[in-house]
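Structure, as structure tokens:
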Amino acid sequence: MNIAAYILDVVMQGMGISLSNICGLYYFGSNNFHIYQLITYMFMHGNLSHIFFNMFALWMFGRIMEQTWGGQKFLLYYLVCGVGAGLIQELGQVLGLIYPGAMTIGASGAVYGILLSFGMIYPNEKLFIIPIPVPIKAKWFVICYALIELMQGLSSSDGVAHFAHLGGMLFGLLLILYWRKQASGYRINGKNFWNGTTSYEKTGDNYDKGEGGIFDKLKDMMGGKKDGKSNMHVHRSGHQADYDYNARKKSESAEIDRILDKIRKGGYQSLTDEEKSTLFNASKK
């Protein structure tokens with residue numbers, strides 16, 4: 001949609017109509033301000049390089065978060081970050097930190113929110129950032145970016161909406177914390193369902209691979225393995241031998257582990273119909 005809006009804006013400019021001037025976000029005290037601009041501004045871009053870098057970052061981090069959360073939750077998060085970025089930009093103008101006559105356009109605020117979500121969900125994932133010669137963990141990359149934006153917002157007059165970037169990250173943080181608080185009600189064996197990273201973070205063994213979170217909890221629920229130890233329990237059923245029962249359960253657990261690993265790497269949509277059926281049947285046990 002961002003690309004379509006950019007193309008439409010270019011075409012309309014050739015007709016003497018600036019879509020950016022209509023949809024861009026103005027100071028709320030201006031006669032040009034309209035409430036819908038808090039949404040439409042994020043789909044407008046000033047030039048080709050502006051939209052290219054925003055869309056590249058959205059593709060690079062957004063596709064991973066969409067696979068992690070699913071399309072609807074990802075879209076909600078994206079829009080909340082974009083609107084939140086616009087609100088913080090407005091607040092900066094009210095406080096006199098930003099020139100009130102400035103018009104704001106671009107998806108950068110929402111994209112910065114996506115960047116923050118990646119750093120929170122995959123904090124120890126290593127990133128290669130040019131020109132840094134060594135990989136840097138996502139959490140440190142996000143923190144450094146936030147600090148740079150804050151310093152530039154307070155000291156720079158380069159025309160970049162630094163406070164909008166920070167606003168996107170702030171609203172993204174608040175929404176993720178809200179979701180985690182909601183999810184904290186779901187507990188398995190007295191442990192938080194979503195927060196399963198502490199032990200892995202200390203050892204550093206599997207955490208960088210994206211393990212130790214919800215997928216390992218799902219393995220627990222479905223009789224899978226964790227830390228190389230089986231969670232299976234032996235039950236006698238009629239004349240069935242314990243050995244046969246354990247062998248069957250071990251095979252089922254290995255299959256569930258494989259399917260959940262596949263979801264982690266490629267998302268739920270990467271599963272075959274048979275794998276989806278297997279996962280569904282296991283979840284009912």
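Overview of results
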| item | result |
| --- | --- |
| Within the accessible area of segment 1-132 (1.4 Å probe), percent carbon and sulfur | 70 |
| Over segment 110-184, relative contact order from alpha-carbon pairs under 8 Å, at least 6 apart, % | 39 |
| Cα gyration tensor of segment 96-175 - equivalent ellipsoid semi-axes, whole Å, descending | 25, 15, 10 |
| Segment 1-69, accessible area per residue, ligands and nucleic acids excluded (1.4 Å, Å²) | 59 |
| Interchain or long-range residues, amide H under 5 Å from L127's placed H | I136, K137, A138 |
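The values are calculated or read from the model by the stated rules, or taken from the named source; none is laboratory data. This structure is a prediction, so every number in the text was calculated from the model and none was measured. Accessible surface areas use protein heavy atoms only, side chains included; no ligands, DNA or RNA. Shrake-Rupley method; radii C 1.70, N 1.55, O 1.52, S 1.80 Å.
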